[in-house]
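Notes for the one structure printed next.
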Amino acid sequence: MIAYLGIGTNLGDRTANLRCAVDRINEQAGHVLACSSFIETEPWGFHSENSFLNAVVAVDTPHAPYALLHITQEIERAMGRTHKSVGGVYTDRIIDIDILLYDDVEINDVDLTIPHPLIWQRRFVYEPLLEIAPHLKQG
């Protein structure tokens with residue numbers, strides 16, 4: 001199964017954080033088939049002096065969606081993330097990994113929504129996504 005994961009960071013050595021996340025995804029979640037360019041963007045949904053560095057990876061994963069979610073959350077914790085955003089309240093973060101797409105799977109529950117509902121509202125997601133998967137488009 002092919003999953004597309006969005007990765008972002010705005011604390012510490014952002015380039016090293018993204019590279020570390022990509023390496024860990026490759027080791028734990030499945031084979032990374034492609035990684036977009038790293039793009040710098042302003043924070044979305046909150047104010048911070050720290051801009052973000054973002055990327056999207058395509059992963060050939062043997063893991064089911066909830067198992068993949070668990071793996072990505074474990075990677076975040078291992079890299080130092082202590083809490084997820086809750087109720088639309090966003091904060092600075094050392095790493096954030098979101099499942100954007102998972103083949104043609106659709107899930108909509110409290111723990112996981114696929115496709116990610118904000119893909120086409122976030123330039124830092126759709127630009128790198130379309131860079132590595134130009135066949136995808138809104139809709």
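Only helical runs count toward this figure. For the chain, summing -39,500 (n - 2.57) over DSSP H runs of n ≥ 4 and dividing by all residues gives -9000 deg cm²/dmol at 222 nm. The Cα-based radius of gyration and maximum Cα-Cα distance (Dmax) for segment 1-75 are 12.8, 38 Å. Placing dummy labels 7 Å off each Cα toward the beta-carbon, the span from ASP13 to GLU27 is 1.5 nm.
Let me test this: with uniform point scatterers at the alpha carbons of segment 39-78, what is the Debye-based log₁₀ I(q)/I(0) at q = 0.28, 0.30 1/Å? For segment 39-78, the Cα-only Debye profile gives -0.94, -0.97.
Computed over the chain with a Gaussian network model linking Cα atoms closer than 10 Å, the most mobile of GLU74, GLU106, GLU49 is GLU49.
On the chain, 51 percent of the accessible area sits on carbon and sulfur atoms, based on a 1.4 Å probe. Computed from the coordinates I sent, semi-axes √(5λ) of the Cα gyration tensor in Å equals one of (1) 20, 17, 16; (2) 43, 15, 12; (3) 35, 20, 13. Tell me the label. Checked against the structure: label (1). Ranking LEU101, LEU18, VAL59 by how far each Cα lies toward the positive end of the dipole of the chain (charges on Cβ) leaves LEU18 at the top. Heavy-atom accessible surface of HIS116, to the nearest 10 Å², is about 40 Å², with a 1.4 Å probe and all protein chains retained.
Peptide packing: for 6-18, 25-37, the average count of neighbouring Cβ atoms within 10 Å per residue gives the ranking 6-18, 25-37, highest mean first.
Taking the chain as a Gaussian network of alpha-carbon nodes connected by springs under 10 Å, the highest mean-square fluctuation of the residues ASP104, ASP96, ASP60 belongs to ASP104. Of THR41, THR91, THR82, the order by accessible heavy-atom surface (1.4 Å probe, DNA, RNA and ligands excluded), from most exposed downward, is THR82, THR91, THR41.
The values are calculated or read from the model by the stated rules, or taken from the named source; none is laboratory data. The structure displayed is predicted, hence computed values, not measured ones. Cβ sites come from the backbone with ideal geometry, for glycine too, and all protein chains shown count toward neighbours. The protein model used for the area step is the full one, side chains on, heavy atoms only, and it has no ligands, DNA or RNA in it. Shrake-Rupley method; radii C 1.70, N 1.55, O 1.52, S 1.80 Å.
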